[in-house]
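See below for the structure under consideration.
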Amino acid sequence: GFCDALNTASFAGYNDWYLPTQKELMQSYIDGSANNLPYPSVYFWSSTEGSSNTANAWGVYLYNGAMFSTTKVTSYYVRCVRSS
């Protein structure tokens, strides 16, 4: 919902914001771009749902690349990205 709100408001003049996939978040850890975030040592949600339970989604701890799957009602951060 947060990324959708950015699109509705045309945040920074753009309306192509989205929640990255688990793979995209992991790639930001692998290539080091997550180090440019103000707080990489927090948990970030991805748009990738659990394969056996769609009430769950995957997240990534960008500080060390740890992944987790838990219920979507758990409070974690989101990092919206733009299409390139």
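The values are calculated or read from the model by the stated rules, or taken from the named source; none is laboratory data. None of the values given here were measured: they were computed from a predicted structure. A quick note on method: Cβ atoms are made from the backbone with ideal geometry, for glycine too, and the neighbour counts reach across all protein chains shown. SASA here: full protein model, heavy atoms, side chains in, ligands and nucleic acids out. Shrake-Rupley method; radii C 1.70, N 1.55, O 1.52, S 1.80 Å.
Among residues of region 8-21 being in a loop (DSSP other than H, G, I, E, B) and surrounded by fewer than 17 Cβ atoms within 10 Å (Cβ to Cβ), the one that is modelled with the highest pLDDT is Thr21.
Scanning region 63-73 turns up at least one residue that is basic (Lys, Arg) and either closer than 18 Å to Asp4 by Cα or assigned to a strand (DSSP E or B) (or both). Please find, among Ser75, Ser41, Ser52, Ser83, the residue that is touching a residue at least 40 places away in the same chain (Cβ under 8 Å) and either among the acidic types (Asp, Glu) or exposed (fewer than 15 other Cβ atoms within 10 Å of the Cβ) (or both). It is Ser83. Of all the numbered requirements in (1) among the hydrophobic types (A, V, I, L, M, F, W, C); (2) loosely packed, with under 14 Cβ neighbours inside 10 Å; (3) modelled with pLDDT of 90 or more, Ala57 misses one, and that requirement is (2). If you go through region 22-38 and pick out every residue that is open to solvent by 50 Å² or more (accessible area, probe 1.4 Å) and either of a type in the set (A, V, I, L, M, F, W, C) or in a loop (DSSP other than H, G, I, E, B) (or both), you end up with 3.
Applying the condition of being of a type in the set (D, E, K, R) and free of Cβ contacts under 8 Å to residues at least 60 places away in the same chain to region 12-38 and asking which residue is farthest from Val60 (Cα to Cα) yields Asp31. Of the set (1) in a strand (DSSP E or B); (2) open to solvent by 40 Å² or more (accessible area, probe 1.4 Å), all apply to Ala5 but (1).
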